[in-house]
Amino acid sequence: MSLPDDVARAVAQIHAAPPRLVYAFAGAGSLALYWLHAVAGSSRTVLEARDCYAPAALAELVAALPAQAVSPAIARAMAAWAEARARDLAEGGWPLVGVACTAAIATDRERHGADHACVAVWGAAGALSYRLTMARGARERLDQEELVSRLVLVAVARACGLAGPTLALGPGEELREHA
């Protein structure tokens, strides 16, 4: 499987940047981890990644089972955990970043609420989070996964002082940034 050119370029730039990261995700964002590992140099960037698909796994990171797993507050709590974990794992004086994604995307079961994702980064400069709302039924699950994973890479790239890959939002989709 080949990577989109803009993704491959962004990941190569992320690997060349000094920050090291821990990434935690729930519901979507796994493609971002694949992309980080698909480009040589991931061992310079990724200290650890955790897929918190089970509610109990997510609760371990945020100290309690949240009523709403997809929210900017949960993404920030996950990113804070990831940054603390990076401090536990890192050797040397590298800048450290905690990255988190929590999402609800297209599924094969009845689910109420919007298809959306919240992504956050936590580092020495503080926290930054993003909330992506997707038009329900406008994209297939894999297309939603790709969009969410692109947002994760945009967040990581910005934390590294880089531009990141492109995000092509469709009709009815909205991205909000929260400092």
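The numbers here are math on the coordinates, done by the rules we state, and not lab data. Everything quoted here is computed from the prediction, not taken from an experiment. Note: ideal-geometry Cβ built from the backbone for every residue, glycine included; neighbour counts use all protein chains shown.
Note on Ala114/Ala16: beta-carbon distance plugged into 1/(1 + (r/R0)^6) with R0 of 41 Å gives a FRET efficiency of 0.70. Given a Förster distance of 41 angstrom, what is the FRET efficiency for Asp5 paired with Ala56, based on the Cβ-Cβ distance and rounded to 0.05? E between Asp5 and Ala56, to the nearest 0.05, is 0.55.
Classified by the C-alpha gyration tensor, segment 12-87 has a prolate form. Its axis ratio a/c, with a ≥ b ≥ c, is 1.5 or above, and a/b is larger than b/c. Can you give the calculated 222 nm mean residue ellipticity of the chain, where each DSSP H run of n ≥ 4 adds -39,500 (n - 2.57) and the sum is split over every residue, rounded to the nearest 500 deg cm²/dmol? Using -39500 (n - 2.57) per qualifying helix, the result is -11500 deg cm²/dmol.
Mind sorting Ser129, Ser71, Ser43 by how few other Cβ atoms lie within 10 Å of their own Cβ, fewest first?
Numbers: Ser129 22, Ser71 16, Ser43 10.
The order, fewest Cβ neighbours first, is Ser43, Ser71, Ser129.
Estimated at 0.36 nm per residue, the fully extended path between Ala63 and Thr107 surpasses their Cα-Cα distance by 13.2 nm.
Placing unit charges on C-beta atoms (Lys and Arg positive, Asp and Glu negative, everything else neutral), compute the dipole magnitude of the chain about its Cα centre in debye, rounded to 20.
Details: 16 positive and 18 negative charges, 62 e Å.
The calculated dipole for the chain is roughly 300 debye.
Taking the alpha carbon gyration tensor of segment 1-142, multiplying each eigenvalue by 5 and rooting it gives semi-axes of 25, 20, 12 Å, largest first. Here Glu48 and Ala124 are evaluated by their C-beta separation; at R0 = 30 Å the FRET efficiency comes out at 0.95.
When Trp122, Trp94 are ordered from fewest to most other Cβ atoms inside 10 Å of their Cβ, what list results?
Working: Trp122 28, Trp94 15.
In increasing order of surrounding Cβ atoms, one gets Trp94, Trp122.
Dividing the mean sequence gap of close Cα pairs (under 8 Å, 6+ apart) by how many residues the chain holds gives a relative contact order of 25 percent.
Over 20 Å apart: what share of the alpha carbon pairs of segment 68-169 falls there, rounded to a whole percent? Intermediate results must be reported in sequence, preceding the final value.
Details: 2102 of 5151 pairs.
Tail fraction, whole percent: 41.
Simple rule: put +1 on each Lys or Arg Cβ and -1 on each Asp or Glu Cβ in segment 1-107, find the dipole, and look at Ala80, Ile105, Leu31; the Cα lying farthest toward the positive end is Ala80.
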